[in-house]
Structure formats: C-alpha cells, structure tokens
Amino acid sequence: MSIKVRLYLGLALLFFALLLAITTALSLPQTAWQFSITSSQTSAESSAFTEPVLQANRLGEIPRTVVRFYFGDQPIPASYHLALEEPDTVATYQDFNALMALNSQLMMGLNQQQLSMRLSDGHLESLVTRARQLKDLPSIFWLQITCGSLGFLICLLIKSVRPNYQGINAFALTGFSYLLFTFAAAIYSTRNVFIDGQLFHALSLLNHAGAMLFSASLTAFLWNYPRAVSQYTISTLAYAVFVANLLVDGLQLTNGPATGSYLWVFGLFLFGLLGSFIQWWFARKNLLDRGAVRWMLLSIYAGTVFFAGGMMLPILLQMPPLASQGLMFTTFLLMYGGLALGVLRYRLFDLERWWFSIWAWFLGGLAILLMDLVLASFLTLTSTSALTLATALVGWLYFPLRQWAWRRISYRKGLAIEAWLPKVVAKLVNVKTPLQLETAWQQSLQALFQPLTLNQQSTVVESITILSNGLQLRLPKIIQAGSLVINNAGQGQRLFTKNDVKNAQTLLVMYQLMAKALAAKAEGANSERDRIRQDIHDDLGAKLLSILHSTKEPRPAQLAKEALTDLRNLLQSIEIEPIDIEYALAHWQQEARERLPEGIQFIWQEPPEKLWLELPPEYFSHLTRAIRECLTNALRHAKPSQISVEVLVTDKLTIIMTNDGVALAIVSAVKDSRGCKILQQRCESLGGHFQYQQQGVVWQVQISIPLPR
C-alpha cells in the first residue's frame, strides 16, 4: 500500500470521527439557560468544605441557585454533579451510576416537555429545548477536537511512512487513542447539563478506554524505541493490562473510577517512564541516539507529566483537578509537536526533512478550505461568491505570506543562497593562487555550515556524501589530493541534510570553475614566460657572449661574465618545470657563502634526510630573492660576526636567518621599510608569512611557506 493510500485512509477515518463527534454534540438538547457550580471544588469530595450547589441563569441575568427539578409533579434533586465537567470525579461507582440515572430521568422530562426547575427566588421556570447549532458549541469543544485531530495527524504521517516498525506502530496507536478520549470528552464536557444517561455512560467508558490505550501504547513505544528492549514481551504485557482494565472498569469491580480507571492508567504510565530511562541508558554512548532520545523524552514528559500531575494524580488523592480537563488535553500537543520538531533536528523515525513536505501539502490545502468555509459561514455571501473571494485572498495574500515566511526562515538559518553567496563571492575575488583557493574553500565551508571541526583526510573523493547519519559531510579538495570532512553542522545543533549537499555542490562547482580559471591563467603565464625566456636567451645572451669573447680589457670582460651569470640565474628563475628542493637548498647555500665577506662565520642547517619534494618555479624565484634580500639587510644594517640559516621542512618550508651585531634601535627603522614590505608581499603571494624580531643585538627573520602537494 502506497504512502498516499495510507494517508487518504487515515484522513477518511479522521473526517468520519469529526463528523460523528460534531453530529453527536449537536444532537444534545440546548436550553436558554446556562448552568454552573458555585464552588471551584468540582469533585465529589469537595463537600468536606462547602457543599457546592447548582446555579442557572439566562444571558445577562445573575445566577440563581436551582433548588430542585420537577418531572411533571415529581420532584428531582438538583445535584451539582449534573454540571461536573468529568463524571468520573465522583467518589464511587454508586455515585456514578446514580448520576447516569439522574441524567436519564431529566432527559425523559425534557423529551416529554414536562421538565421545570424551582429557583432560589421561588420562581418556577419551565425548561424548553431547541435544536443545537454550531454556534452553540463552546470554544472548549473545538479546542479538544483540534487537539485530538492534530495528534492523530502527526501519528498518521509517521505511520504512513514507516508502516512496519514495532515502535512506530505503538506511537501511532497513541494518536488514535488520543483522538478517542479527546473526542468523547469534547462531547459530554460541553453539554448544556442535559444528556441521556446511557450515552453519557458510553462516552465516559470510551474516554476511559482511550486513556488506558494511550498509556499502554505509550509504554510499548518507550520500551521499543529506538531500541527494542524485550521484543514483544513488554508490549504484550501493556496491552494485556489494557484489556484487563476494560473489564474491571466496565464491570465496575472496584470501589470507584479512581481505582477502576485512573490508578491503572497512572500505574502503567509510570512503568512506561521506566522504559524511557532504560532507553536513555542504552543511548548514553551514542551521540546521535543520545540526542534523539533526549529530545524524544523531553517531548513526551512535557506532554504527559502535566496531565498526569494536574488531572490524574489529584483524583487519585481525592482532590479536585488543578485545571479544566479540556485545557489539560492541550498539553499532549507538546509531546506531538516536540516529536515533529525532533524529526527535523534529530531525524527521529528516519523520516528526514521531506516529512514536512507532506505537512506543507496537507496544511496548505486545509488552509484554503478553511478560508472558504469561514467566508461562507460568517459573511453574507453565496457559495460562489465565497469561493471566488477565498481564491483571491489565498492567491494574493496567503501564498505570498507563506513564501515570505519560508524565505525568512531559510535566510536566518543561512541555507538560502542569498545568505551565503555574497560571502563566497567576496572570498573568490581575492583569490590569486591555487593555495589561496584551497584555503578559501575551507573558509567558505566553515562560514556556510558552521561545523564544530573540519578535518583533512588522504582519501580521494569526487562527490559530496553524508556520513554517520548526518553527523558528517565529506567533500573533495579543490587543488590538493585528499578530502575534507566537516563535523556537526550549526555548531552541533543540527544534522546535515540533502539540502546541505545541494548547497555544497553549488559551492563546489563555483570553486572548480575558479580552479580552472587559475589553471588557464597559469598556463598562459607559462607560455608567455617561456617565450620571454627564449627571446632573452637567444638575443641578450648571444650579445653578452659576443662582448665577453671580443673584449680584451679585464674589467668589461668581468662585467660581461657577471651579467651572463645573472642572466643564467634569471632564466632559471622563470623555468616552467618544478625544481628539486635539494638543488634549491644547495643553490641558496652556495650563493650566500659567495656573497659573505671574509671574517663572518656562516652556519647552514638543513634536514639530513633525503627530501622528495619539488618547488614550483615561482616558489624558487620568490624564495631566492627573499633570502638574498635578508642577507643584504644583515650586511647593510648590522656588523655581524656570525650569520646562521636554519631550514625546517614539514608541511611547510620554514627558513630562519639569525645574525648578531645589530643596533638596539633597528626595529623602529626597519618596521616601515620598503624592503620588509616587499618581503611580506612575496611570502603572502605564496600563502605564507614573514616575521622578524630583535633580542638585544641579535636579529632574526623567519620565512614560512606552505608546501604544495
């Protein structure tokens, strides 16, 4: 059976229940009088204080006490129990049965139009009934009906998606039982005092059965989700207790409703809470399960503890309820609403975000129908006019407002493209090298998803995938080999979703296009560099060589030889092929030794092991000039007796140059010098940094460049 078929069958059941509840409520008698109880003590045991009395009044009149009813000439006691919202708050089943018989007697008098009542001022008022209308149903009736419908709908949607799972089946059954006891209570709790005793008794039993079934199915759910603790043992026990209670309560085998119904419901509820603690214990070492269980238990406790503490427990203790039963029913929506949010946050029941698409489909259509119903019911319009106006309002008002609200929610979460695209473009504009592009890629991922951590892996991937049930997102690198894994989106507050994969894919395409643009730029630069190198070699090199061989003077010959050496170094610096790092280290050491005058001790330290690394031509060129500039500064601004160079190779190439013989005030002179700015620019162009410091007469500079893979 498809999801849609299951949904339509559930909706048909809901609409049938709604129709039955509303029809039954409208079939009850309605008089011009409103009845109430003088005291807030609305349980039978309130007589321990001040005996409550039944009062009646017409609209706009002061309430008067009802002394007694009359069925013809036969007096009938005007018990305040008649106006109790919940009949099972009486002390004993004997009182309960007497109340049902009293209701049947009053209904017989109403049906024969022979019922009247004596008020405290001595007036005898005849009671005349009329047909009940929708406007006569109080708001508390619609509130209870709405609560039961929403709870049932949430369970229906979950059941439709996951039909064959033990824990889900139990949870779905709580929605059905919630519908049972709210619909039954909505009918009899909003009566105008008068109701047939047999109907009243049947509705009360239906309310008890729904409450007990709710407690049994909730217990089965808590013992079987997310882990089945005992397979079918606990579930069987819970439903067996439910069947046993139906017999005990229906046959009235105990003293009263408190021990025949409420004690059973409350006791089984406490047993279910024990199962929730066991679920928490099993999930304590699993991050995903622990978060889901915590959210689930918080939702269930918030929705059930209020009702248990405010309604069931006071009745068990022979005390009046703390609030109206109809109002207390709304607390169950905390449970169902909390679990609905848990689907979005923790993927409860593995429904993911598309579960809310079903809600949007259903509620969107419902909103349109309600708009038409409101206009047709409360405005003086024909059905055609109401439909036309409703369509206009929905098209011009409802849909734009819904779209605006959705965009606002998406924008605040940072998921809308309008939220993150400007930040990404700003980072891409400043990218000039592949290394900067790789760094910008990681920064953009952190800005978009706000993960707790970002890790690098050696595994090469080409696509974006969700790992660990949404805890991680793995993405390819842009330039370097390997992959990136980001953990816990939104600082650990949410899981990665398919929408995140789409956003990351869009971002990846942008960076891959930028990588291709940089590669094309580098290829063009290499082609032009090769042409210039060949032109210099063929033209300028040939002329310098001619000067060297044709001149007989030593000075011009020496200058020509030095010019040829500089030309050779220049051509080497613009080579296209990568340069072995050991050759580069040997070249820098030799050049430094040749430039130092006699009397200065030179120390060169480099890693002793073989280095299997190559430097791109631009790296070699920039580093050669940077080392040459640092050596020139040491000779120009100090009188060194020793210059040392230490080379460290990890994932970075770090060159530390130290010399002595520095004046104490050199930092302020060098800080804003043009040479330091050029050195800083050279290092930053390679994705690195340049630092310097002075300790007494010792001057130290550090060049650190990330090595390309």
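Points worth noting:
- Check on SER36, at pLDDT 75 or above, hydroxyl-bearing (Ser, Thr, Tyr) and surrounded by fewer than 18 Cβ atoms within 10 Å (Cβ to Cβ): yes
This table checks each residue for (1) at pLDDT 85 or above; (2) open to solvent by less than 90 Å² (accessible area, probe 1.4 Å); (3) assigned to a loop (DSSP other than H, G, I, E, B).
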position	(1), (2), (3)
ALA390	no, yes, no
TRP406	no, no, no
ILE409	no, yes, no
LYS427	no, yes, no
VAL431	no, yes, yes
GLN436	no, yes, no
TRP441	yes, yes, no
LEU445	yes, yes, no
LEU448	no, yes, no
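- Selection within segment 664-684 - modelled with pLDDT under 85 and surrounded by 15 or more Cβ atoms within 10 Å (Cβ to Cβ): ILE666, VAL670, CYS676
- Check on VAL193, open to solvent by 60 Å² or more (accessible area, probe 1.4 Å), outside any helix (DSSP H, G or I) and either farther than 24 Å from TYR336 by Cα or of a type in the set (Phe, Trp, Tyr) (or both): no
- Residue pairs meeting the criteria (Cβ under 9 Å; at least 6 apart or on separate chains; first farther than 14 Å from THR330 by Cα, in segment 168-195; second open to solvent by less than 10 Å² (accessible area, probe 1.4 Å) and charged (D, E, K, R)): TYR188/GLU86; SER189/GLU86
- Residues of segment 473-483 classified as out of contact with any Asp or Glu (no Cβ under 8 Å at 6 or more places or on another chain) and open to solvent by 50 Å² or more (accessible area, probe 1.4 Å), total: 2
- Picking from residues in segment 472-509 that are of a type in the set (Val, Ile, Thr) and part of a helix (DSSP H, G or I), the one that is nearest to THR453 (Cα to Cα) is VAL501.
- Every listed requirement among (1) loosely packed, with under 13 Cβ neighbours inside 10 Å; (2) part of a helix (DSSP H, G or I); (3) modelled with pLDDT of 90 or more; (4) of a type in the set (A, V, I, L, M) is met by LEU585 save one, (1).
- Residue list for segment 232-261, restricted to those being touching a residue at least 60 places away in the same chain (Cβ under 8 Å) and either part of a loop (DSSP other than H, G, I, E, B) or not hydrophobic (A, V, I, L, M, F, W, C) (or both): TYR232, SER235, GLN252, THR254, ASN255, GLY256, PRO257, GLY260, SER261
- The one condition from (1) touching a strand residue (DSSP E or B) at 6+ places or on another chain (Cβ under 7 Å); (2) within 26 Å of ILE478 (Cβ to Cβ) that GLU684 does not meet is (1).
- Among the residues of segment 687-697, the one identified as under 16 Å from LYS432 (Cα atoms), in contact with a helix residue (DSSP H, G or I) (Cβ under 8 Å, 6 or more places away or on another chain) and modelled with pLDDT of 85 or more is HIS689.
- Only residues that are among the acidic types (Asp, Glu) and surrounded by 15 or more Cβ atoms within 10 Å (Cβ to Cβ) were counted in segment 108-150, giving 2.
- Subset of segment 693-709 that is surrounded by 19 or more Cβ atoms within 10 Å (Cβ to Cβ) and either free of Cβ contacts under 8 Å to residues at least 24 places away in the same chain or of a type in the set (Val, Ile, Thr) (or both) - its residue that is nearest to TRP612 (Cα to Cα): ILE705
A quick yes/no check of all residues on (1) surrounded by 13 or more Cβ atoms within 10 Å (Cβ to Cβ); (2) touching a helix residue (DSSP H, G or I) at 6+ places or on another chain (Cβ under 8 Å); (3) outside any loop (DSSP other than H, G, I, E, B):
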position: PHE602; (1), (2), (3): yes, yes, yes
position: LYS610; (1), (2), (3): no, yes, no
position: TYR619; (1), (2), (3): yes, no, yes
position: CYS630; (1), (2), (3): yes, yes, yes
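- With respect to the conditions (1) modelled with pLDDT of 90 or more; (2) outside any strand (DSSP E or B), VAL701 lacks only one, and its number is (2).
The values are calculated or read from the model by the stated rules, or taken from the named source; none is laboratory data. Just so it is clear, the structure is predicted and the values come from calculations on it, not from any experiment. Here Cβ is always computed from backbone atoms with ideal geometry, including for glycine, and neighbour counts include all displayed protein chains. Surface areas here come from the heavy atoms of the whole protein model, side chains and all, with no ligands, DNA or RNA. Shrake-Rupley method; radii C 1.70, N 1.55, O 1.52, S 1.80 Å.
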